[in-house]
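Quick notes on the structure that follows.
The values are calculated or read from the model by the stated rules, or taken from the named source; none is laboratory data. As the structure is a prediction and not an experimental result, all values here were calculated from the model. Positions of Cβ are generated from backbone atoms using ideal geometry, with glycine treated the same way; all protein chains shown enter the neighbour counts.
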């Protein structure tokens, strides 16, 4: 029996089918392309930041051997506070000693490129270990931004050749700079650190959490469990949904017009920043909290009511503990967003140059994202790598928070 | 003593009251073991603790606003304040200088005149701190004792505590309304002040933007406050360039992930897209300024466009579009998933290919949701600040050339409020007017988006 083509499968049909299948493949490829492009951009962004940022955790340092037996310095008496011990060493001429030995070792041109505050590094080491005063010690001291640029193949030809000479002698190299995590902002890209901004962020987040979490959870409980269905409740719901969509910069304007008017002395304080961000974070917590509370099955409420619990006991003894993992997940995500927020904090003045870590909730501070913004504006090339390094620190914190949120969601959240 | 320490003190007193009341209630329970007491001892304890903590917290809140003003008054009354400049910027600078030294925030003063005021400040601060602490103790003691005395076997502590809890919950939910009100009132208030100096017509329809914060504040030049270039820049970057990037990519990603991808792929790609949404905007801004903008400029040079600037609307818009992708994608994802399976099955059963089903059945059915998602995405894009601050530039150009620098509403809000001008200057106030416009527009977009979703959602139910 010969096989006959079905009457519908004409040549025209076959051609059309081929076209349709080709269109199908193209469409699928377009979809795949879109996904790959988005993920690719993400990877590109992360890789660029990491490559730049690794350089930010290093700095160019000069090796300077100092023979303290010739210097005639005496250690400060024990028990002296850090600043006064440093002052005593300064009065004894430590800066000149450092400069002298730097010239011995690096030559005049090299010594000139030692960072201005290099002697403080020496002073700190003497204070922690006075025994080094009895011998010769090799110090690794920060070079000036110019020389660091020269080492990186930028800047004037003079600096580049000086850097090449010193590097060939093994006296200048890029070393891991863990001090980046413990110092604060400075005008010199070789001396900056992230700790001041990080501490500011931590204090601000603490205020945000302490305000937004209780208020958000209580509002969610009220709306989900107790609120009567009337116009007031509708107004509350509408305003929460709207607040969640208001641009963050508007909250900055609110903070400026209201909080700073109430507390005029607290410009750029973590307290004000935290209050502003709390208003921004609260709607997020309310919305995720309501979803978590909604997910608790009605049977649990009925069971508790049936054995004589009051309305408040039902909620606080049963519903809230069961909904808590979901609420916490939403809270962490809201806090992560607040941690990365910059614009509202610029409005309330947290962009000041703050060279010391904030002492408390009311002292002037800056936060990580604002620090990144400020550094990105610097002209000195050394700040490019420092900015990327600060971004890495910020991203690590965000990843950590999101990781905790995902863990909580997988570990504790129940499917009823 | 700072408010923080007072708060800790209040909590400590509350704890003391809690323990005392519980002990007293337990004592009742032991004494009349035959008779039930009206509430569990814990509720008596909470009753007393609430009566201590709430009044004290309210007092501390008020005190932390009032006390600094009282301190300033006391300092001004001191003899050393007699030779201060009568008013103005310098007087404030000297006062805040003296204050921060007295508080121990800084060691030295900038203005030598402030030195004389440090002592009066210190005295006044410690005096009012003492008064604050004393008042806290007195209030806590009075309310605590009053509540404690009401702890009796037949006292219905639980109902009272629960009533208080309900009121507290209600107050917490009112914070949202207060915030909304606060935003509206402060924006309207400052905007009205701004329109007192510059006419709304000039502001809304003028085409030249260039406020001078150093000019005479009483007689601003209205023609320098035309916001049309800002509105145009905002729309061009946020609603046109960003959406040209975000809509196709976001929509196609959502379609691929919901219709084609295997569950395993989906499980990996979706979180990756969420990470894209979680990257802080300042990082995107830095990426735009450091990587994308120079690349675009070089590209423009290489094709012979020599007028390309280092900051361009295109760079900001592209990066903003990438930032918005996950947003569009998740909204589209939700609305496609909400289309009933029967529609899809019917189309496939008729012999349509998957892509034909998607284009001709699923997307049209999901269109209201997708449109709403895009509107929300636009509202987010035009409110985005850091990317445009770092990459779009400050020049208010009214142009269609994406390679030129453009400025946006959010950029100018930041620029006006972080600039040099005094707070009362129309240039500074214009930031609030711009903020008000931004608030109204984003609110309108959200409102329309939500009502579109609500209106068309029920079709298939």
task = Please enumerate the residues belonging to region B:249-265 that are facing chain A (nearest Cβ under 10 Å) and surrounded by fewer than 17 Cβ atoms within 10 Å (Cβ to Cβ).
result = B:265
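Each row is one residue, and each column tells you yes or no for (1) outside the structural domain of residue B:331 (by TED's automatic domain parsing); (2) over 25 Å from residue A:250 (Cβ atoms); (3) touching a helix residue (DSSP H, G or I) at 6+ places or on another chain (Cβ under 8 Å); (4) modelled with pLDDT of 90 or more.
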| site | (1), (2), (3), (4) |
| --- | --- |
| B:354 | no, yes, yes, yes |
| B:362 | no, yes, yes, yes |
| B:375 | no, no, yes, yes |
| B:404 | no, yes, yes, no |
| B:418 | no, no, yes, no |
| B:425 | no, no, no, no |
| B:437 | no, no, yes, yes |
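Can you list the helices (runs of 4 or more DSSP H) found entirely within region B:316-435 that contain at least 3 residues being more than 10 Å from chain A (Cβ to nearest Cβ) and surrounded by fewer than 24 Cβ atoms within 10 Å (Cβ to Cβ)? Step through it out loud before you land on a result.
Working: elements: B:341-349, B:354-357, B:363-383, B:386-391, B:409-417.
Per the criteria, B:341-349, B:363-383.
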key: Number of the exception - residue A:53 against (1) away from chain B (no Cβ under 14 Å); (2) surrounded by 15 or more Cβ atoms within 10 Å (Cβ to Cβ); (3) under 18 Å from residue A:191 (Cα atoms)   = (1)
Identity of the residue in region B:269-315, within 24 Å of residue A:337 (Cβ to Cβ) and not in a helix (DSSP H, G or I), that ends up farthest from the other protein chains (Cβ to nearest Cβ) = B:279
inquiry  = For the condition within 30 Å of residue A:139 (Cβ to Cβ) and either within 11 Å of chain B (Cβ to nearest Cβ) or at pLDDT 85 or above (or both), what is the one hit in A:77, A:83, A:95?
reply    = A:83
remark   = residue B:267 meets each of (1) in contact with a helix residue (DSSP H, G or I) (Cβ under 8 Å, 6 or more places away or on another chain); (2) modelled with pLDDT under 90 with one exception, condition (1)
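Considering only region B:142-175, state which residues are over 38 Å from the mean Cα position of the chain (by Cα) and either away from chain A (no Cβ under 14 Å) or under 30 Å from residue A:237 (Cβ atoms) (or both).
Restricting attention to region B:142-175, the residues satisfying the condition of being over 38 Å from the mean Cα position of the chain (by Cα) are B:142, B:145-157.
Scanning region B:142-175 gives B:142, B:145, B:146, B:147, B:148, B:149, B:150, B:151, B:152, B:153, B:154, B:155.
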ask   = Exactly one of (1) over 30 Å from residue A:396 (Cα atoms); (2) surrounded by 18 or more Cβ atoms within 10 Å (Cβ to Cβ); (3) out of contact with any strand residue (DSSP E or B) (no Cβ under 9 Å at 6 or more places or on another chain) is unmet by residue B:285. Its number?
value = (1)
request  = Would you mind stating whether residue A:186 is surrounded by 13 or more Cβ atoms within 10 Å (Cβ to Cβ) and in the same structural domain as residue A:72 (by TED's automatic domain parsing)?
outcome  = no
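At pLDDT 90 or above and assigned to a helix (DSSP H, G or I): which single residue out of B:123, B:164 fits that description? Outline the logic, then answer.
On the way: B:123 fails: at pLDDT 90 or above.
Unique residue meeting the criteria: B:164.
Considering only helices (runs of 4 or more DSSP H) fully contained in region A:303-416, which possess at least 2 residues that are within 8 Å of chain B (Cβ to nearest Cβ) and surrounded by 24 or more Cβ atoms within 10 Å (Cβ to Cβ)? Write out each step before concluding.
Values: elements: A:320-339, A:343-347, A:368-376, A:382-412.
Here the list reads A:343-347, A:368-376, A:382-412.
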note = Taking region A:233-263 and keeping residues surrounded by fewer than 19 Cβ atoms within 10 Å (Cβ to Cβ), more than 8 Å from every other protein chain (Cβ to nearest Cβ) and in contact with a helix residue (DSSP H, G or I) (Cβ under 9 Å, 6 or more places away or on another chain) leaves A:233, A:237, A:238, A:244, A:261
inquiry  = Looking at region A:270-281, can you tell me whether even one residue there is over 21 Å from residue B:417 (Cβ atoms), buried (at least 20 other Cβ atoms within 10 Å of the Cβ) and more than 8 Å from chain B (Cβ to nearest Cβ)?
reply    = yes
key: Members of region B:266-315 found to be under 12 Å from residue B:403 (Cβ atoms) and under 30 Å from the mean Cα position of the chain (by Cα), listed by number   = B:293, B:311, B:312, B:313, B:314, B:315
ask   = Could we say that residue B:57 is part of a helix (DSSP H, G or I) and without any contact (Cβ under 8 Å) to a residue 12 or more places away in the chain here?
value = no
